[in-house]
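To keep things clear, I will list the structure first and then write my remarks on it.
The values are calculated or read from the model by the stated rules, or taken from the named source; none is laboratory data. Remember, it's a predicted structure, so these values are computed and weren't measured experimentally. When we count neighbours, we look across all protein chains shown, and the Cβ atoms used for this are built from the backbone with ideal geometry, even at glycine. Quick note on the areas: whole protein, heavy atoms, side chains included, nothing else; ligands and nucleic acids left out. Shrake-Rupley method; radii C 1.70, N 1.55, O 1.52, S 1.80 Å.
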Amino acid sequence: MNPKEVTAKKNSPIGIFDSGYGGLTILNEIKKQLPEYDYIYLGDNARTPYGTRSFDVVYKYTLQCVTKLFEMGCQLVILACNTASAKALRSIQQRDLPLIDPNRRVLGVIRPTVEVINTITKSGHVGLLATAGTVQSESYPLEIKKLYPEIKVSSEACPLWVPLIENNEHNGDGADFFVKKHLQNILFADSQIDTLILGCTHYPLLIDKIKRYLPQNIQVVSQGELVANSLANYLKRHTEMADKCSKNGTINYFTTESVEKFASSASIFMNGNIEAIHLELD
Ligand code: DGL
(Lines give C-alpha, C1' and ligand atoms only; values in the text may rest on other atoms or scores of the structure.)
Protein backbone atom coordinates (compact mmCIF):
# COMPACT_ATOMS: atom_id res chain seq x y z
CA MET A 1 0.00 0.00 0.00
CA ASN A 2 1.30 3.50 -0.75
CA PRO A 3 0.41 6.80 0.95
CA LYS A 4 -2.16 7.64 -1.76
CA GLU A 5 -4.01 4.34 -1.26
CA VAL A 6 -4.32 5.05 2.47
CA THR A 7 -5.95 8.39 1.62
CA ALA A 8 -8.09 6.87 -1.13
CA LYS A 9 -9.80 4.58 1.40
CA LYS A 10 -11.21 7.78 2.96
CA ASN A 11 -9.40 6.99 6.13
CA SER A 12 -8.74 9.59 8.77
CA PRO A 13 -6.24 7.72 10.89
CA ILE A 14 -4.59 9.22 13.93
CA GLY A 15 -0.98 10.03 13.01
CA ILE A 16 1.70 8.92 15.42
CA PHE A 17 5.00 10.54 14.59
CA ASP A 18 8.46 9.84 15.97
CA SER A 19 11.99 10.55 14.86
CA GLY A 20 12.54 6.79 14.89
CA TYR A 21 11.31 3.73 16.74
CA GLY A 22 10.68 5.10 20.25
CA GLY A 23 7.19 6.27 19.36
CA LEU A 24 6.24 2.60 19.06
CA THR A 25 6.26 2.46 22.89
CA ILE A 26 3.60 5.20 22.83
CA LEU A 27 1.63 3.56 20.02
CA ASN A 28 1.62 0.26 21.97
CA GLU A 29 -0.19 1.91 24.87
CA ILE A 30 -2.50 4.02 22.70
CA LYS A 31 -3.74 1.01 20.73
CA LYS A 32 -4.33 -0.90 23.99
CA GLN A 33 -6.66 1.86 25.19
CA LEU A 34 -8.14 2.93 21.86
CA PRO A 35 -8.05 -0.18 19.64
CA GLU A 36 -11.00 0.90 17.50
CA TYR A 37 -9.20 3.81 15.82
CA ASP A 38 -7.04 3.70 12.69
CA TYR A 39 -3.41 4.72 13.05
CA ILE A 40 -0.51 5.68 10.84
CA TYR A 41 2.90 5.42 12.44
CA LEU A 42 5.58 7.49 10.75
CA GLY A 43 9.19 7.04 11.81
CA ASP A 44 11.71 9.47 10.35
CA ASN A 45 14.30 6.72 10.75
CA ALA A 46 16.51 8.01 7.95
CA ARG A 47 17.16 11.24 9.89
CA THR A 48 17.09 9.96 13.46
CA PRO A 49 18.32 10.89 16.04
CA TYR A 50 16.64 14.24 16.56
CA GLY A 51 17.94 14.46 20.14
CA THR A 52 21.27 15.97 19.12
CA ARG A 53 19.92 18.36 16.47
CA SER A 54 19.26 22.11 16.64
CA PHE A 55 15.83 23.70 17.15
CA ASP A 56 15.61 24.77 13.51
CA VAL A 57 16.39 21.33 12.13
CA VAL A 58 14.03 19.47 14.49
CA TYR A 59 11.27 21.96 13.68
CA LYS A 60 11.85 21.66 9.92
CA TYR A 61 11.91 17.84 9.94
CA THR A 62 8.91 17.56 12.26
CA LEU A 63 6.80 19.98 10.23
CA GLN A 64 7.65 18.07 7.07
CA CYS A 65 6.50 14.79 8.62
CA VAL A 66 3.34 16.31 10.11
CA THR A 67 2.46 17.79 6.70
CA LYS A 68 2.94 14.35 5.16
CA LEU A 69 0.62 12.80 7.74
CA PHE A 70 -1.99 15.48 6.98
CA GLU A 71 -1.67 14.64 3.28
CA MET A 72 -2.33 11.00 4.18
CA GLY A 73 -5.64 12.03 5.76
CA CYS A 74 -4.75 12.50 9.44
CA GLN A 75 -6.85 15.09 11.22
CA LEU A 76 -5.01 14.53 14.48
CA VAL A 77 -1.29 13.91 14.89
CA ILE A 78 0.54 12.95 18.07
CA LEU A 79 4.20 13.87 18.24
CA ALA A 80 5.26 10.67 20.05
CA CYS A 81 8.75 12.08 20.45
CA ASN A 82 9.90 14.25 23.31
CA THR A 83 12.51 16.07 21.26
CA ALA A 84 9.96 17.03 18.59
CA SER A 85 7.41 17.94 21.28
CA ALA A 86 10.03 20.11 23.00
CA LYS A 87 11.43 21.82 19.94
CA ALA A 88 8.69 21.93 17.32
CA LEU A 89 5.22 21.49 18.81
CA ARG A 90 4.59 25.04 19.93
CA SER A 91 5.66 26.59 16.60
CA ILE A 92 3.57 24.10 14.65
CA GLN A 93 0.51 24.70 16.84
CA GLN A 94 0.80 28.48 16.91
CA ARG A 95 2.36 29.36 13.57
CA ASP A 96 1.72 26.59 11.06
CA LEU A 97 -1.63 25.00 11.93
CA PRO A 98 -3.67 28.21 11.51
CA LEU A 99 -2.27 28.47 7.97
CA ILE A 100 -2.40 24.76 7.03
CA ASP A 101 -5.82 23.94 8.50
CA PRO A 102 -7.07 25.42 11.78
CA ASN A 103 -9.34 22.39 12.35
CA ARG A 104 -6.52 19.84 12.50
CA ARG A 105 -4.66 19.20 15.72
CA VAL A 106 -1.12 18.28 16.69
CA LEU A 107 -0.51 17.16 20.28
CA GLY A 108 2.69 16.25 22.10
CA VAL A 109 3.86 13.97 24.90
CA ILE A 110 5.24 16.48 27.40
CA ARG A 111 1.99 18.02 28.61
CA PRO A 112 0.27 14.68 29.40
CA THR A 113 3.31 13.70 31.47
CA VAL A 114 3.67 16.98 33.28
CA GLU A 115 -0.03 17.26 34.11
CA VAL A 116 -0.06 14.25 36.42
CA ILE A 117 3.38 14.68 37.98
CA ASN A 118 1.97 16.32 41.14
CA THR A 119 -0.02 13.16 41.84
CA ILE A 120 3.14 11.04 41.76
CA THR A 121 5.78 13.01 43.64
CA LYS A 122 5.46 13.27 47.41
CA SER A 123 8.74 15.08 48.05
CA GLY A 124 8.10 17.66 45.30
CA HIS A 125 11.50 16.84 43.82
CA VAL A 126 11.40 15.41 40.30
CA GLY A 127 14.16 14.26 37.96
CA LEU A 128 14.05 14.26 34.18
CA LEU A 129 16.06 11.79 32.08
CA ALA A 130 15.96 12.74 28.40
CA THR A 131 17.93 13.47 25.25
CA ALA A 132 20.31 16.44 25.20
CA GLY A 133 17.84 18.32 22.96
CA THR A 134 14.91 17.88 25.34
CA VAL A 135 17.03 18.85 28.34
CA GLN A 136 18.44 21.95 26.60
CA SER A 137 14.97 23.07 25.55
CA GLU A 138 13.99 23.24 29.26
CA SER A 139 10.44 22.35 28.18
CA TYR A 140 9.83 20.04 31.14
CA PRO A 141 10.94 22.42 33.91
CA LEU A 142 9.08 25.30 32.24
CA GLU A 143 5.86 23.31 31.82
CA ILE A 144 6.06 21.92 35.35
CA LYS A 145 6.70 25.41 36.73
CA LYS A 146 3.57 26.72 34.99
CA LEU A 147 1.36 24.08 36.58
CA TYR A 148 3.16 23.31 39.83
CA PRO A 149 5.60 26.08 40.74
CA GLU A 150 6.43 24.36 44.03
CA ILE A 151 7.97 21.30 42.30
CA LYS A 152 11.75 21.32 41.85
CA VAL A 153 13.02 19.71 38.63
CA SER A 154 16.55 18.48 37.92
CA SER A 155 17.49 17.23 34.45
CA GLU A 156 20.06 14.81 33.10
CA ALA A 157 20.82 14.22 29.43
CA CYS A 158 21.57 10.57 28.63
CA PRO A 159 22.96 10.77 25.09
CA LEU A 160 24.06 7.15 24.81
CA TRP A 161 20.83 5.52 25.88
CA VAL A 162 19.10 5.88 22.49
CA PRO A 163 22.00 4.36 20.49
CA LEU A 164 22.32 1.55 23.06
CA ILE A 165 18.66 0.68 22.57
CA GLU A 166 18.67 1.08 18.79
CA ASN A 167 21.65 -1.27 18.62
CA ASN A 168 19.83 -3.79 20.82
CA GLU A 169 22.51 -3.47 23.52
CA HIS A 170 20.16 -2.25 26.28
CA ASN A 171 19.94 -5.66 27.94
CA GLY A 172 23.67 -6.22 27.74
CA ASP A 173 26.18 -5.62 30.56
CA GLY A 174 27.67 -2.61 28.75
CA ALA A 175 24.43 -0.67 29.22
CA ASP A 176 24.69 -0.94 33.02
CA PHE A 177 27.62 1.48 33.12
CA PHE A 178 25.70 4.25 31.34
CA VAL A 179 22.49 3.62 33.25
CA LYS A 180 24.30 3.82 36.62
CA LYS A 181 26.28 6.88 35.55
CA HIS A 182 23.23 9.01 34.72
CA LEU A 183 21.20 7.83 37.70
CA GLN A 184 24.11 8.71 40.00
CA ASN A 185 24.42 12.14 38.38
CA ILE A 186 20.77 13.02 38.78
CA LEU A 187 20.51 11.78 42.36
CA PHE A 188 23.70 13.66 43.17
CA ALA A 189 22.12 16.83 41.73
CA ASP A 190 19.12 16.40 44.06
CA SER A 191 19.04 13.65 46.67
CA GLN A 192 15.38 14.36 47.49
CA ILE A 193 14.14 13.21 44.09
CA ASP A 194 11.37 10.62 44.50
CA THR A 195 10.11 10.64 40.89
CA LEU A 196 12.08 10.15 37.69
CA ILE A 197 10.46 10.95 34.35
CA LEU A 198 11.62 8.89 31.40
CA GLY A 199 11.39 11.87 29.03
CA CYS A 200 12.40 9.99 25.90
CA THR A 201 10.20 7.47 24.13
CA HIS A 202 13.05 4.95 23.90
CA TYR A 203 13.77 4.79 27.61
CA PRO A 204 10.93 2.42 28.67
CA LEU A 205 13.07 -0.34 27.15
CA LEU A 206 15.63 0.35 29.88
CA ILE A 207 13.11 0.49 32.71
CA ASP A 208 14.09 -2.81 34.36
CA LYS A 209 17.73 -1.84 34.42
CA ILE A 210 16.91 1.65 35.68
CA LYS A 211 14.78 0.28 38.52
CA ARG A 212 17.54 -2.15 39.48
CA TYR A 213 19.89 0.73 40.29
CA LEU A 214 17.40 2.95 42.11
CA PRO A 215 16.29 3.01 45.73
CA GLN A 216 12.79 1.52 46.02
CA ASN A 217 11.16 4.78 47.09
CA ILE A 218 11.82 6.35 43.67
CA GLN A 219 9.00 6.10 41.15
CA VAL A 220 9.92 5.76 37.49
CA VAL A 221 7.42 7.43 35.19
CA SER A 222 7.08 6.02 31.71
CA GLN A 223 4.95 8.04 29.29
CA GLY A 224 3.04 5.56 27.12
CA GLU A 225 0.09 5.07 29.43
CA LEU A 226 -0.07 8.74 30.37
CA VAL A 227 -0.17 9.80 26.71
CA ALA A 228 -2.81 7.15 25.96
CA ASN A 229 -4.96 8.33 28.92
CA SER A 230 -4.63 11.90 27.79
CA LEU A 231 -5.56 11.06 24.19
CA ALA A 232 -8.60 9.04 25.32
CA ASN A 233 -9.66 11.97 27.46
CA TYR A 234 -9.06 14.43 24.61
CA LEU A 235 -11.23 12.40 22.23
CA LYS A 236 -13.98 12.19 24.85
CA ARG A 237 -13.94 15.96 25.29
CA HIS A 238 -13.61 16.69 21.55
CA THR A 239 -16.33 14.60 19.96
CA GLU A 240 -16.03 16.60 16.73
CA MET A 241 -12.46 15.27 16.39
CA ALA A 242 -13.39 11.74 17.54
CA ASP A 243 -16.12 11.67 14.87
CA LYS A 244 -13.66 12.70 12.17
CA CYS A 245 -11.15 9.95 13.02
CA SER A 246 -11.89 6.67 11.25
CA LYS A 247 -12.39 3.50 13.26
CA ASN A 248 -11.50 0.24 11.55
CA GLY A 249 -8.76 -0.82 13.96
CA THR A 250 -5.98 -0.61 11.36
CA ILE A 251 -2.33 0.39 11.77
CA ASN A 252 -0.08 1.29 8.84
CA TYR A 253 3.62 1.89 9.38
CA PHE A 254 5.72 4.26 7.29
CA THR A 255 9.43 4.84 7.48
CA THR A 256 11.81 7.21 5.75
CA GLU A 257 14.47 4.43 6.01
CA SER A 258 14.49 1.13 4.17
CA VAL A 259 11.66 -1.21 5.08
CA GLU A 260 14.12 -4.03 5.89
CA LYS A 261 15.95 -1.85 8.41
CA PHE A 262 12.63 -0.76 9.93
CA ALA A 263 11.42 -4.35 10.30
CA SER A 264 14.59 -5.48 12.05
CA SER A 265 14.89 -2.52 14.45
CA ALA A 266 11.15 -2.16 15.14
CA SER A 267 11.11 -5.73 16.47
CA ILE A 268 13.20 -4.46 19.42
CA PHE A 269 10.24 -2.26 20.39
CA MET A 270 7.26 -4.39 19.38
CA ASN A 271 6.56 -8.09 19.16
CA GLY A 272 5.91 -9.54 15.77
CA ASN A 273 6.94 -8.74 12.26
CA ILE A 274 6.15 -5.16 11.36
CA GLU A 275 5.92 -4.42 7.68
CA ALA A 276 6.41 -0.78 6.91
CA ILE A 277 6.06 1.21 3.72
CA HIS A 278 8.93 3.40 2.58
CA LEU A 279 8.15 7.09 2.45
CA GLU A 280 10.26 9.56 0.53
CA LEU A 281 10.25 13.06 1.94
CA ASP A 282 10.87 15.74 -0.64
N1 DGL B 1 12.20 9.79 20.20
C2 DGL B 1 13.18 10.72 20.72
C3 DGL B 1 12.63 11.34 22.01
O4 DGL B 1 11.64 10.91 22.57
C5 DGL B 1 14.50 10.09 20.97
C6 DGL B 1 15.26 9.66 19.74
C7 DGL B 1 15.97 10.76 19.01
O8 DGL B 1 16.91 11.37 19.57
O9 DGL B 1 15.58 11.04 17.90
O10 DGL B 1 13.22 12.29 22.49
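Numbers for the structure displayed
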read-out	value
0 to 90° range, to nearest 10: angle between helix 259-269 axis and the chain longest Cα axis	40
Cα point-scatterer Debye curve for the stretch 68-179, base-10 log of I(q)/I(0) at q = 0.10 Å⁻¹	-0.39
Surface accessible to a 1.4 Å probe, per residue, for the residues of the stretch 148-275, Å²	50
Exceeding the 19 Å Cα-Cα cut-off - candidates Lys122/Lys145; Lys152/Lys211; Lys87/Lys236; Lys32/Lys236; Lys32/Lys261; Lys60/Lys87	Lys152/Lys211; Lys87/Lys236; Lys32/Lys261
Convex hull volume of the chain per residue (C-alpha atoms, cubic angstrom)	121
Gain in span if fully extended, Tyr213 to Ser91, counting 0.36 nm per residue against the direct Cα distance	40.1 nm
Gyration tensor verdict on the stretch 203-270 (Cα atoms; rounded if a/c is under 1.5, prolate if a/b is larger than b/c, oblate otherwise)	oblate
Virtual spin-label span in nm between Asn233 and His278, 7 Å along Cα→Cβ	4.2
Nearest-10 value in Å² for the accessible area of Ile100, using the 1.4 Å probe	80
Solvent accessible area, Å² - Glu143, 1.4 Å probe, full protein context	20
Length gained when the stretch Glu150-Lys32 is fully extended (0.36 nm per residue, less Cα-Cα span)	39.1 nm
GNM top mover of Leu99, Leu231, Leu147 - the chain, alpha-carbon springs below 10 Å	Leu99
Antiparallel content of DSSP bridges confined to the chain, in %, to 5	0
Simple label model, 7 Å out from Cα along Cβ direction - Ala242 to Ser123, nm	4.0
Cα-based helix-to-principal-axis angle, 223-237 vs the chain, degrees rounded to 10	50
Helix axis angle, 55-71 relative to the chain longest principal axis, alpha carbon, degrees	40
Contact order relative to length of the chain, as percent, for alpha carbon pairs under 8 angstrom and 6 or more apart	27
Rounded D (µm²/s) - the stretch 95-156, Kirkwood Rh over Cα pairs, Stokes-Einstein at 10 °C, 1.306 mPa s	121
Residue order for Asp101, Asp173 - accessible surface, 1.4 angstrom probe, largest first	Asp173, Asp101
Rule-of-thumb Rg ratio for the stretch 130-282 [Cα; 2.2 N^0.38 Å; N residues]	1.23
Protein accessible area in the stretch 145-254, 1.4 Å probe - carbon and sulfur %	48
Equivalent-ellipsoid semi-axes of the stretch 32-109, from the Cα gyration tensor, Å, largest first	20, 16, 11
